[in-house]
Amino acid sequence: AHAQTELTIDQSAPIGTIQPEVYGQFVEHLGAGIYDGIWVGEDSDIPNTDGIRDDVFAALDRLEIPVMRWPGGCYADLYHWRDGIGPRNERAGTVNMAWGGTPESNQFGTHEFFNLAERLGAKTYLNVNLGTGTPGEAQAWLEYITLPEGSDLANERKANGREKPWKIDYLSIGNETWGCGGNMRPAFYADLYAQWATLLQTAGEAPKRILSGSHEGNIDYSDEVLDHPGMGNLADGISLHYYTLPNGDWADKGEATDFSKAQWAETITRTLRMEDAIERSLAMIDSHNFEDDFDLYVDEWGMWVNTEEGAPALYQQNTIRDAVVAALNFNLFHQHADRVPMTNIAQMVNVLQAMILTDGGKMVLTPTYHVFDMYRPFQGATALPVSFEAPTYGSGDDAFPALSASAARTEDGTLVLAFVNADPEAAHGVTLQAGDARRAEGRVLSAEEIDAHNTFASPNEVQPEEMSVRAKNGTFELGLPARSVTVLKLVQ
Ligand code: AHR
């Protein structure tokens with residue numbers, strides 16, 4: 001049996017507000033991410049509303065999705081927005097050269113994306129095409145979307161069925177400009193960004209502008225981009241992309257299921273390096289001494305494993321390991337709530353670490369979905385520091401702290417706690433002063449096997465269970481099962 005780990009929450013030193021957008025999503029035209037996953041079209045046998053499948057919409061709606069990033073990713077740099085407006089039966093058929101030259105029907109375009117965001121009550125994050133587009137093309141798109149009236153483009157939007165403009169909350173110019181976005185040197189990208197950011201205008205409230213930045217721990221690229229004169233005024237922040245590859249090898253990333261405990265350990269170790277990537281990125285940003293706030297946007301993160309044989313691009317199964325990885329990341333993001341105002345998991349449906357998998361008319365919620373659902377009370381809450389000495393799992397390079405915890409105060413004053421037991425083998429206990437709370441109530445997600453997952457045939461293998469613990473002598477003693485994520489509220 002393991003000793004109890006004692007936790008202390010410092011309520012006097014709040015870290016900052018956890019912006020709801022920390023729980024953001026990424027939606028790219030890629031594999032079955034949009035077509036089949038979200039969009040089936042009005043004529044489909046699959047129940048839908050205006051072409052969006054009802055089962056997926058209801059599941060997404062429950063998550064209170066705060067923001068969605070679209071249309072890519074690498075695809076953004078090949079996307080021409082005019083292909084995706086106007087009567088759907090007249091839209092061009094193109095091919096998606098970013099992801100395998102697959103047919104792109106353009107049935108899901110600007111109206112479909114912004115209307116979906118509106119129905120979900122989500123903010124919008126648009127990535128314009130710097131790679132194969134022009135500033136003129138991007139400017140026309142922004143005008144089409146945001147100008148209330150008085151121009152041909154505003155009239156065209158109205159003629160296409162949308163009277164009022166939409167709002168763009170976040171805008172990115174370029175994506176992975178060090179790679180699929182054009183293999184640019186940072187100074188060259190910085191010049192292009194500065195030109196576009198100066199010229200591009202929206203009507204109404206200006207979006208936050210986000211630079212395309214580094215990936216993994218390699219922050220030199222971002223550093224050089226930020227060297228550009230005046231960059232602190234041309235952008236509100238810079239992105240960081242950080243994926244967890246179990247093997248750390250792009251040629252053989254590791255398997256989604258049927259992996260060993262050693263691979264579990266390697267996955268957790270690599271995930272926890274997100275902390276170092278965030279901290280070094282923030283220190284690098286600070287070294288530029290910008291006058292205004294300048295933040296870090298982790299606008300792509302999540303598990304990336306080998307794609308299933310014969311499956312759509314980047315389709316992968318999702319296990320209790322993914323759930324643990326998601327929760328570890330959230331706990332790290334909360335620790336930097338004051339400087340990381342948005343993150344976007346890659347991606348929402350059927351792609352990489354997805355919330356939802358579909359196959360024709362079937363749908364299944366993944367363990368990652370349940371973590372997003374359980375963590376909902378953290379959206380908009382105030383993060384509080386938690387201190388404890390975590391027990392170590394394993395030894396050598398892949399040894400890691402078995403426990404991770406996070407605490408926050410919600411707007412109504414409730415204390416909410418999250419715990420991850422990343423130990424693949426053993427349960428752990430934690431103790432915590434109860435203050436004036438009498439019970440801790442919430443849900444726990446765990447599984448018998450390290451690769452337990454939900455399938456269309458067996459959709460409830462990994463599901464949260466209710467948990468309620470009474471304080472004894474002013475203390476909570478909590479048992480955290482092996483491989484688990486727990487979210488609790490303290491109540492009277
Ligand atoms: O999320 C999949 C891809 O990963 C994105 O298109 C790209 O930006 C990144 O390399």
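Derivation of every value follows stated rules applied to the coordinates shown; laboratory data play no part. The structure presented is a predicted model; accordingly, all values stated were derived computationally and were not measured. Every residue, glycine as well, gets a Cβ built from its backbone with ideal geometry; the counts of neighbours run over all protein chains shown.
The aspartates and glutamates whose alpha-carbon is closer than 17 Å to the alpha-carbon of Lys472, local same-chain residues fewer than 8 away aside, are Glu6, Asp436, Glu441. Seen through its C-alpha gyration tensor, with square-root eigenvalues sorted a ≥ b ≥ c, the chain comes out prolate because a/c lies at 1.5 or above while a/b is bigger than b/c.
Between the amide H of Lys253 and those of Asn306, distances stay under 5 Å, these residues lying 5 or more places away or on another chain, with hydrogens modeled in the peptide plane.
Quick one: putting +1 on the C-beta of Lys and Arg, -1 on the C-beta of Asp and Glu, what dipole do you get for segment 388-492 around its Cα centre, in Debye to the nearest 20?
Values: 8 positive and 16 negative charges, 124 e Å.
Dipole about the Cα centre, nearest 20: 600 debye.
Per DSSP helix of 4 or more residues, -39500 (n - 2.57); summed, then divided by the residues of the chain. What does that give at 222 nm, rounded to the nearest 500? Provide the component values of the computation, followed by the final result.
Numbers: 11 runs with 114 residues, N = 492.
It lands at -7000 deg cm²/dmol.
Figure legend: label point modelled 7 angstrom from the Cα of Thr102 along Cα→Cβ; residues of segment 10-37 with amide N under 11 Å from it are 28-37. Taking GluC sites (Glu not before Pro) across segment 172-233, the ones in a DSSP loop with at most 13 further Cβ atoms lying within 10 angstrom of their Cβ are Glu205.
Among the GluC sites (Glu not before Pro) found in segment 273-331, those both in a DSSP coil and sparsely packed, with 15 or fewer other Cβ atoms within 10 Å of their Cβ, are Glu291, Glu308, Glu309.
Dipole check for the chain: with +1 at the C-beta of Lys and Arg, -1 at the C-beta of Asp and Glu, and the Cα centre as origin, the magnitude is about 880 Debye. Need the list of lysines near Lys164 for cross-linking: C-alpha distance under 17 angstrom, and skip anything on the same chain fewer than eight residues off. Leaving aside lysines fewer than 8 places away in the same chain, those within reach of Lys164 are Lys123. Where a ≥ b ≥ c are the square roots of the eigenvalues of the C-alpha gyration tensor, would you call segment 264-311 rounded, which needs a/c under 1.5, or, failing that, prolate if a/b is larger than b/c, or oblate? Taking the square roots of the gyration eigenvalues as a ≥ b ≥ c, segment 264-311 is oblate. Inter-label distance, Asp436 to Thr134: 6.6 nm, where each label sits 7 Å from its Cα along the C-beta direction. The residue list Gly133, Ala283, Gly101 was ranked by how far each Cα lies along the charge dipole of the chain toward its positive end, using unit charges on Cβ atoms, and Ala283 comes out on top. Counted by neighbouring Cβ atoms within 10 Å, the residues Ile320, Ile278 run from fewest to most as Ile278, Ile320. Angle check, please: helix 110-120 long axis (alpha carbons) against the longest principal axis of the chain (alpha carbons), in degrees 0 to 90, nearest 10. Roughly 30 degrees between the two axes.
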